[in-house]
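Please read the structure below before turning to the comments.
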Amino acid sequence: MNTDVLLERRGPLGLVTLNRPKALNALDLGMIRTLHPALEAWARDSQVKAVVIRGAGGRAFCAGGDVRAVALSMGSPAPEGQEPLSSAFFREEYRLNHLIHHYPKPYVALVDGISMGGGLGLSVHGSHRAITERLVLAMPETAIGLFPDVGGGWFLPRFPGEAGTYLGLTGSRCNAADAMWLGYGTHHVTHDTLDAVVDGLAAADWSAGDARAVATRVLSGFASEPGPSPLSAQREAIDRCFAKDSVEDILAALQAEGTPWAEETRAALARMSPTSLKVTLRQLRLCRGRPYDETVTVEYRLSQHVTARPDFREGIRAVLVDKDNRPTWNPPTLAGVREADVEACFAPLGERDLVVHAPR
């Protein structure tokens, strides 16, 4: 029994609590392997009308996938009879995201506190996301030599204008008002009403019409105003600068902008892995407008190629292991990133490719 994921039935609800608070509910392979079959079983169970997922501890919904464990496992042979963690983790995480994306019942994420990386994979693909005033939202993968995965190639381009490009490249953090403007949040509720939200969903009359409409009606009864979005105030500048098709052109546009925001953004990009920046921009442009199922295949290819590059382990070392936040990127500059190396990150994996299909 995996105590890092608590599963319970509360009347018509299947209730998931991510229960790894000391790790900010970071999602590891054991949690994925507990959650996936439970969601499949609830999808088949006619007595379960909706799924609710939340995080324990009060600080985070889910701070991301446990990429630290993936990085530390690399360079050592996998136990006999097991595949490397770098293969298994991403494949099973992406399959879980895919299940949530196509879930046949209301899937309600109660997003309180930090939601980053893999936390978005557990929430953005569902039907409803009730976010609180304590939300901190980000896709910070370029800071660890990775790329915005878990469907980032699908959902980031669907944010307003070039906001998704900006967030995917810079890893900038958003608050609840930003998240509502982006379309990540479907409802804004206050932290102190979360237990009442669960009780309201459990007590709802699920026989009264479409189940998603029932969930929407319950959540709307708790909705509150998040206030103005600071991110939306930069919409025009973001669209001007981040519509470019090369990272170098984005930096030049920011320099021409000449505002404090633009200078802060240039400085943020300068801290990121140059290879990750170029791979991420290619990913977002390639996947823009593509069906989600196609982006899963692209992102799994990226996961296998990018994690094999030195920047991934160096980024994990600098941010999550030694925590000196002084990574030494290889190559260290955008000019040193060869186009052929970026292209190689998108190469097919042959029999190891991950191909998913929407359920019929």
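Every number here is computed from the coordinates shown, using simple stated rules; none is lab data. It should be emphasised that the depicted structure is a prediction, and the values quoted were computed from it without experimental measurement. Cβ atoms come from the backbone with ideal geometry, glycine included; neighbour counts cover every protein chain shown.
With the radius of gyration and the Kirkwood radius both derived from the Cα set of the range 67-218, what is their ratio Rg to Rh?
Values: Rg = 17.4 Å, Rh = 16.9 Å.
When Rh is taken as the Kirkwood radius, the ratio is 1.03.
If you average the alpha carbon positions of the range 307-360 and of the range 186-230, how far apart do those two centres end up, in angstrom?
Distance between centres, Cα-based: 38 Å.
In debye, nearest 20, what is the charge dipole magnitude of the chain about its Cα centre with +1 on Lys and Arg Cβ and -1 on Asp and Glu Cβ, if you could check? Walk me through the numbers before you get to the answer.
Working: 38 positive and 42 negative charges, 63 e Å.
With only Lys, Arg, Asp and Glu charged at Cβ, the dipole is about 300 debye.
Can you tell me the convex hull volume per residue for the range 42-131, based on C-alpha atoms, in Å³ to the nearest whole number?
Details: hull volume 10.7 nm³, N = 90.
Spread over its residues, the Cα hull of the range 42-131 gives 118 Å³ apiece.
Would you mind computing, in nm to one decimal, how far apart the modelled labels at GLU343 and ARG326 are, each placed 7 Å from Cα along Cα→Cβ?
Label at GLU343, label at ARG326, 3.8 nm between them.
What span do the alpha-carbon atoms of the range 231-360 cover on each of the three principal axes, reported in whole Å from largest to smallest?
For the range 231-360, the Cα spread along each principal axis is 49, 37, 27 Å.
What angle, in degrees between 0 and 90 and rounded to the nearest 10, separates the Cα long axis of helix 247-257 from the longest principal axis of the Cα atoms of the chain?
90 degrees
For the chain, how big is Rg over Rh, using alpha carbon atoms and the Kirkwood form of Rh? Could the numbers behind the result be given before it?
On the way: Rg = 20.0 Å, Rh = 20.8 Å.
Reported Rg/Rh, Kirkwood definition of Rh: 0.96.
List nothing, just return the count: lysine pairs in the chain, 8 or more apart or interchain, with Cα separation under 29 Å. Walk me through the numbers on the way to the answer.
On the way: LYS22/LYS323; LYS49/LYS105; LYS244/LYS278; LYS278/LYS323.
Lysine pairs meeting the criterion: 4.
Report Rg/Rh for the range 1-74, rounded to two decimals, where Rg is the Cα radius of gyration and Rh the Kirkwood radius.
Numbers: Rg = 13.2 Å, Rh = 13.0 Å.
Value, to two decimals: 1.02.
Return an integer: the convex hull volume of the alpha-carbon atoms of the range 219-303, in Å³ per residue. Don't jump to the answer; show the numbers that get you there.
Working: hull volume 13.5 nm³, N = 85.
Looking at the range 219-303, the number lands at 159 Å³ per residue.
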